[in-house]
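The values are calculated or read from the model by the stated rules, or taken from the named source; none is laboratory data. Because the structure is a prediction, the values reported are computed rather than measured. Here the Cβ positions follow ideal geometry from the backbone for every residue, glycine too, while neighbour counts run over all protein chains shown.
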Amino acid sequence: MTDKHPYTSGANGVISVIAQLRKSFPPKVNAEILKKLGIAPNNETYIINILRFLDVIDVEGNKNAKAASVLVQHVESEFQTGFAEIVQAAYKDLFELHGADAWTASPDKLISFFRNTDHTSDIVGRRQASTFQTLATIAGKLDGQLPKPATAKTKKADAVATKKQTAKSTTTKPNIPTGTSPPASRETGTGTGGSGSGDMALTVRIEINLPAGGDRETYDNIFKSIRENLLNGKVS
């Protein structure tokens with residue numbers, strides 16, 4: 001058992017390792033085994049410390065036969081009862097102080113206990129409290145919905161979904177040649193009657209590529225020509 005109360009940055013690693021040990025408990029559990037199982041990447045040591053603190057494995061990673069007999073319980077209620085006993089024995093000092101109320105103690109109360117007991121920083125105290133609450137939830141002592149353990153399949157699906165979402169949100173900008181002004185557009189419409197009148201309406205879109213080096217007189221002449229020949233002119 002470690003000297004200080006263990007912690008990890010997230011709940012998923014704890015949930016995943018307990019779920020894995022319930023399925024198959026190897027003779028020895030160490031960081032190398034967790035890497036092969038894909039559990040808590042880069043955080044394997046923290047998970048090992050938690051298992052040691054709970055006395056599920058010894059300092060060399062060998063499984064504890066008594067703890068293993070709890071983890072192999074198929075009936076959920078029987079597993080939770082046995083696992084609660086493991087957690088309570090490991091956190092003996094916490095339960096001596098708060099009794100059974102320790103299971104549902106507020107985060108602030110737990111943080112205060114861990115920080116004063118282990119002289120830890122604020123962030124470590126918060127993680128110690130969160131780790132205990134995760135264990136309490138697994139033991140069925142704290143209401144809460146546990147996230148499903150991450151698997152290689154779900155991780156791949158999440159990556160694909162993220163890639164699709166990124167591609168969908170990407171917008172394509174128009175490619176405007178260098179040295180030219182963006183085309184100016186103007187719409188003109190003809191027709192009578194409101195919506196649903198049955199009359200036909202005509203819309204004409206005019207696009208003009210303005211010369212990059214033109215002056216104001218050039219632009220005025222272009223729009224004057226359009227006005228005289230297209231807008232005000234008669235179609236033969």
Inset, instruction - Would you be able to say whether some residue in region 60-68 is touching a Phe, Trp or Tyr at 6+ places or on another chain (Cβ under 6 Å), assigned by TED's automatic domain parsing to the domain that holds Lys141 and touching a residue at least 12 places away in the same chain (Cβ under 8 Å)? - result: yes
Inset, instruction - For region 99-107, indicate whether the set of residues that are of a type in the set (S, T, N, Q) and under 16 Å from Lys4 (Cβ atoms) is non-empty. - result: no
Inset, instruction - All but one of (1) touching a strand residue (DSSP E or B) at 6+ places or on another chain (Cβ under 7 Å); (2) at pLDDT below 95 hold for Val29, so report the exception by its number. - result: (2)
Inset, instruction - Would you mind stating whether Lys148 is more than 18 Å from Tyr46 (Cβ to Cβ), modelled with pLDDT of 95 or more and outside any helix (DSSP H, G or I)? - result: no
Inset, instruction - Scan region 25-36 for residues that are outside any loop (DSSP other than H, G, I, E, B) and within 22 Å of Ala65 (Cα to Cα) and report the count. - result: 5
Inset, instruction - Could you tell me whether any residue of region 91-103 is farther than 24 Å from Thr45 by Cβ, surrounded by 12 or more Cβ atoms within 10 Å (Cβ to Cβ) and touching a Leu at 6+ places or on another chain (Cβ under 7 Å)? - result: yes
Legend entry - Among (1) hydrophobic (A, V, I, L, M, F, W, C); (2) part of a helix (DSSP H, G or I); (3) crowded, with 19+ Cβ neighbours inside 10 Å - the single one Ile39 does not satisfy: (2)
